[in-house]
Structures are given as C-alpha cells and as structure tokens.
Amino acid sequence: MFNLSEEISRIDWKVFARRMLSNVLILGAIFYFLFSFWDVIRQEALYAYWRIRGQVFTVDEVKDVEPPKPSPFAALLGQPTPLKVIPKSTQFGIVIEKIDVNSPIIADVPTSDKRAYLAALQKGVAHAKGTVKPGEVGNSYLFAHTTLDFWNYGPWASVFNLIRKLEKGDRIVIFYKGKRFDYYVKGKEIVSGFNTTPLTRTFDTPYLTLQTCDPPGIAINRLIITAELR
C-alpha cells in the first residue's frame, strides 16, 4: 500500500534541491536567450517568409512594380500583391524595400558623444555630423542599432538587423527635404569596431554608407554597406 509520508521521508532533499536549482537555471537561460534574440529571430523568420512568398515592398506606385518571378511556394500560397510603403519621414527618412526598413533619420548626430547618439538612436537612424547630406557629392554616413536588448533602446533598436541581407544592386531610398534619392548598393564589408575609415572616406560622387554592429548586439565589428546615387 502506498504510504505518502514514507515516500517523502525517503527523498534526499539536498539532491532534490540541487536538481531543482539546475532546472531553474537551465530554463532561465533558455528564456533569457529567446527573449534577447526575439527581435532577431522574428525578423529573420519574416524575411524568410517574404522571400518564399515572393512579397514585394515598394515606395513606387504598385502598378509600376514588376511582379517577382513566380515560385512553387508562391503558387501554393497565392502570389501576394506588392505592398506600398509610406515613408515615416520625407524630411529625412530611409526606406530599404528588400528588408522592409522604414525609419526617420536624425540629422547631424555627433559620433563622439555617446549620450547624444544613444538618444538619437532611440528616435530612428542617425546621420553622422560632418558627413554630407543626401544628393551631395561625398559620403553621407548613417548608423543604427542592431541590438539584442531591445527593451533598453526602444522601437528602433533593431532597425538595421537585416542590412547584411543586402546585395550589390539593391536599392536604398533616402528622403530629404521632400526630395527622393535612390542609392544602389555597391559593396559590403566587415571592419573592426575601432576602424573609423568608413566614416572618413571621400568620394567623387554622392555615396551613402550604412553602419551597424556585427554580429547583432556586439560592437566588436561593424558591418558596412556602401551605395551610390543614380
């Protein structure tokens, strides 16, 4: 006959406590990992879904957009209609259609003032003070977060998470003072976090540089995207 009190008396409570603590620590670590990487995982999953589905985002008129090449998955799921993107700001904003980036840009942010640039990055993408404005000859330098602790940095904490997906020829649309400037990706590189060369580069034509952390949330390296105005 089952005797509860007898069974309880047989339990080695020290072993039980150690096992419980181990399980709690393991579950806590898993939860923290998923919570920290949630935005990265979410964006990666959405991007994969868009690519499989053939979803197109565009700042152009939808009727002018060439439909993507059909895929077996798109045939099964139904070819989606291109989605019109309304810029967050036409005074100073960025739209990257391929990865669904749509953000205001904060102008003339000093890169040497941590308090100033962290405050700016809570409002959108930052434009480095001392670099040219869109459409001008030279290097227009933009930087933004790719961070894991999004709860500390607001809604723009992961705005540049997917810029590593950009390839040569992809379009980056910049709006400035009501005008539109279409830049096309020319190159992609990873540099040391202490390397300031991308910021100080000079160009004979209007260029755009995007910078973010690589890998996400770790400032040991910088991912650099360069694009030229057409």
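Below, the figures for the structure above:
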| quantity | calculated |
| --- | --- |
| Matching entry among Thr111, Thr90 (being outside any strand (DSSP E or B), at pLDDT 90 or above, in contact with a Leu (Cβ under 8 Å, 6 or more places away or on another chain) and among the polar types (S, T, N, Q)) | Thr111 |
| Odd one out for Asn139 among (1) modelled with pLDDT under 95; (2) farther than 17 Å from Ile99 by Cα | (1) |
| Meets criteria (within 19 Å of Val59 (Cβ to Cβ), surrounded by fewer than 19 Cβ atoms within 10 Å (Cβ to Cβ) and touching a residue at least 24 places away in the same chain (Cβ under 8 Å)) for Lys179 | yes |
| Matching residues in region 203-225 - criterion: being among the β-branched types (Val, Ile, Thr), modelled with pLDDT under 95 and surrounded by fewer than 16 Cβ atoms within 10 Å (Cβ to Cβ) | Ile218, Ile220 |
| Ile96 being farther than 30 Å from Lys123 by Cα, at pLDDT 80 or above and within 26 Å of the chain's Cα centre (by Cα) | no |
| Answer residue from region 152-199, given it is in contact with a strand residue (DSSP E or B) (Cβ under 8 Å, 6 or more places away or on another chain) and part of a helix (DSSP H, G or I) and is nearest to Ser140 (Cα to Cα) among those | Leu199 |
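The values are calculated or read from the model by the stated rules, or taken from the named source; none is laboratory data. All values derive from a computational prediction rather than experimental measurement. Cβ coordinates were reconstructed from backbone atoms using ideal geometry, including for glycine residues, and neighbour counts include every protein chain displayed.
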